[in-house]
Every structure is written in structure tokens, then in C-alpha cells.
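None of the figures in this text is laboratory data; all of them are computed from the coordinates on show. All values derive from a computational prediction rather than experimental measurement. Every residue, glycine as well, gets a Cβ built from its backbone with ideal geometry; the counts of neighbours run over all protein chains shown.
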Amino acid sequence: MPCVDMPVKELEQYMGRNPRPTDFEEYWDAALNEMKSIDPNVSLTPAEFKCPGAECYDMYFIGVGGAKIYAKCLRPANIQGKIPAIVLFHGYSGHSGEWFSHLPFVQAGFAVFAMDARGQGGRSEDVGGVVGNTYNGHIIRGLDNEDPHKLLFRNIFLDTAELAGIVMSLDYVDENKVYTYGGSQGGALSLACAALEPRIAKACAHYPFLSDYKRVWEMDLAENAYDEIGQYFRSYDPEHKREDEIFTKLGYIDIQNLAPRIKAEVYMITGLMDKICPPSTQYAVYNKITSKKMHTIFPDYGHEAIRTAQDLSFAFFTEEK
């Protein structure tokens with residue numbers, strides 16, 4: 001079977017390489033307490049995009065640190081009773097997608113909420129002291145601050161959980177049927193959201209990013225999406241004197257460490273030829289999930305659109321079991 005990483009039997013036993021901070025649980029408990037203390041001040045205004053049978057809105061809410069976070073909101077017209085909802089997350093430096101791309105879920109009876117990650121390609125703010133988007137470099141943002149709560153992805157993870165909580169509070173949403181979905185960074189955020197908001201019922205992740213950073217670096221794949229890790233060492237620690245400290249701090253925003261918190265049913269998809277998010281880093285997450293789960297592998301695919309993956313994921317959310 002083709003593979004750019006370990007053989008599948010080894011992948012199925014692999015439990016990750018990156019260090020986990022000793023105060024990891026306390027760190028995230030404190031972060032969640034901060035998030036829960038915020039008044040989200042949610043606003044909904046009709047969007048310019050129109051579609052027969054659907055209602056479309058621009059949503060904003062206030063996240064940690066006072067950032068204004070944007071999400072597209074779509075729902076079926078003429079809702080009767082409570083309906084399921086799906087919270088969508090995009091790839092690194094991307095945005096919440098075209099309105100059109102979210103309509104299949106609306107047609108299937110879902111409310112849809114597609115979030116823009118802070119400072120990337122959409123409308124959400126990065127309040128780190130600059131105007132406009134900051135696009136990428138988010139993995140290493142805050143590494144040189146003594147307080148690990150300044151890591152930017154900590155706030156992005158919290159934004160996902162805050163949005164899910166807002167969705168669950170809506171009077172037309174069935175809070176027991178709120179799901180998360182995404183690929184790459186979106187896959188990581190789908191799982192992070194499920195870890196930090198334990199009421200999420202289902203989570204689907206295609207080839208999740210933001211896992212097992214040290215493994216990526218040791219495979220000499222700190223390039224492309226992970227390029228900033230290599231660049232950070234080249235610029236700020238060229239002799240790797242702080243290597244253990246840096247990877248341990250990254251452990252706070254490593255989704256493999258959040259995985260045991262997940263209570264949702266999880267569906268993961270992995271391409272064994274993935275050189276962007278190596279299969280071992282994805283299995284490090286999957287193998288730590290203790291809730292109901294399933295995993296589909298595609299031996300000949302890498303970090304790309306995988307044939308049938310969207311159909312399989314749609315069925316995961318829509319089929320009653």
C-alpha cells in the first residue's frame with residue numbers, strides 16, 4: 001500500500017511525538033472560563049446573497065480579547081420546530097467559502113454557520129495590534145510571550161467553541177444535533193470545537209492540520225502549511241537551544257492533546273500520500289479519541305480534494321442510525 005509515512009499497522013498504534021504541557025488541562029479550563037465570561041453581543045443582518053428557499057445572514061459575535069468574529073449563517077425558509085445545525089471551518093489562510101457552496105446542507109434541512117478564522121482570508125479580526133488580515137504565521141503567533149495564553153490559535157479554538165454555544169442557544173436549533181465539519185485547518189478546528197464544546201454530537205475532519213508539530217519537523221516537512229515552524233527556528237533559535245521549550249509550548253495548541261476531551265461521534269478521512277499533514281500526525285489525533293469513531297483512508301491521495309470524501313461526509317451527517 002502506498003505511504004509517505006509509517007506503514008498502516010504502525011500508524012494504527014502511533015500516539016504522537018510532540019510534548020504535552022503538564023498543565024494542559026488547567027490551561028484549557030482557564031481559557032474556557034475566560035470565553036464563558038464574554039458577552040458575545042451577536043448580530044445578524046440579511047446578506048446580499050439571496051436564494052429561494054433559504055435565508056442568509058451575516059453574523060458577528062465578540063470573541064476573547066474583544067475580537068469581532070464573522071460567520072455566514074444560512075437556514076431553510078419557513079422553519080417548523082427545531083432543526084439540526086452544522087458549523088463549518090475553512091483551511092489555513094482561507095475564508096468561510098461561497099454562500100452557494102453551503103446550500104446542500106440547507107436543502108437537507110440544516111442551519112449552517114461557516115466561520116472566518118481570525119485574521120485570515122475572511123472578515124474576522126485579529127486584534128494582535130495590526131490593521132487588516134494577518135493571513136498566516138498563526139501557529140507561531142505568541143510563542144515568544146511568556147504567557148502561553150497569548151498563543152493565537154488558543155483564541156481561534158475558543159472562537160469555534162463560542163460559535164457552537166451560540167448556535168445551540170438559538171430557538172430554532174436542536175441543541176442535541178449540532179455538528180462540526182472541515183478539512184485541513186478546518187478539520188483541526190472541527191475537532192478542537194468538539195473537544196471544547198462537549199455537546200457537539202458529530203464531528204467530521206478531513207486530513208486535520210495542527211497536530212504533532214515535532215513529528216512534522218522531524219520528517220523534514222516543516223514547509224508549506226507548516227513552513228512557519230522552520231522559519232521560526234531559522235530566525236529566532238537557529239541552534240535549537242530552546243527546542244524543547246518551543247515544542248512544549250506548541251503542545252497547548254496541538255489537537256492530539258485535545259482529542260481525549262471529545263465526546264462527539266467522529267469521522268476522519270486521511271490520504272496516505274499526504275505530505276502537508278503527514279498521516280502519522282493525523283493518526284496521533286485519531287488514536288487518542290475515545291468516543292465513537294470511524295476512519296476512512298485513501299491510499300493514493302494526498303492533501304487534496306478526495307473523490308467521494310464529500311459524499312461520505314454528507315452521509316455521515318444526514319443518515320439516521
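Remarks
- From the list TYR252, TYR301, the lone residue that is touching a residue at least 12 places away in the same chain (Cβ under 8 Å), of a type in the set (Ser, Thr, Tyr) and in contact with a helix residue (DSSP H, G or I) (Cβ under 6 Å, 6 or more places away or on another chain) is TYR252.
- Number of residues in region 20-60 that are hydrophobic (A, V, I, L, M, F, W, C) and either without any contact (Cβ under 8 Å) to a residue 12 or more places away in the chain or assigned to a helix (DSSP H, G or I) (or both) equals 6.
- Counting the residues of region 161-173 that are of a type outside the set (A, V, I, L, M), under 18 Å from LEU74 (Cβ atoms) and touching a helix residue (DSSP H, G or I) at 6+ places or on another chain (Cβ under 9 Å) gives 0.
- Residues satisfying the stated conditions in region 1-19, i.e. of a type in the set (Lys, Arg) and in a helix (DSSP H, G or I): LYS9
- On inspection, ILE156 passes the criterion of being at negative phi and surrounded by 21 or more Cβ atoms within 10 Å (Cβ to Cβ).
- Qualifying residue in region 114-130 (condition: surrounded by fewer than 22 Cβ atoms within 10 Å (Cβ to Cβ) and free of Cβ contacts under 8 Å to residues at least 24 places away in the same chain): yes
- Residue satisfying condition, being among the small types (Gly, Ala, Ser) and touching an Asp or Glu at 6+ places or on another chain (Cβ under 6 Å), within set ALA67, ALA111, ALA85, ALA54: ALA67
- Residues of region 86-104 that turn out to be touching a Leu at 6+ places or on another chain (Cβ under 8 Å) and more than 15 Å from ALA47 (Cα to Cα), as a count: 2
- Across region 63-109, the qualifying residues are those that are hydroxyl-bearing (Ser, Thr, Tyr) and surrounded by 19 or more Cβ atoms within 10 Å (Cβ to Cβ), and the one among them that is nearest to TYR179 (Cα to Cα) is SER96.
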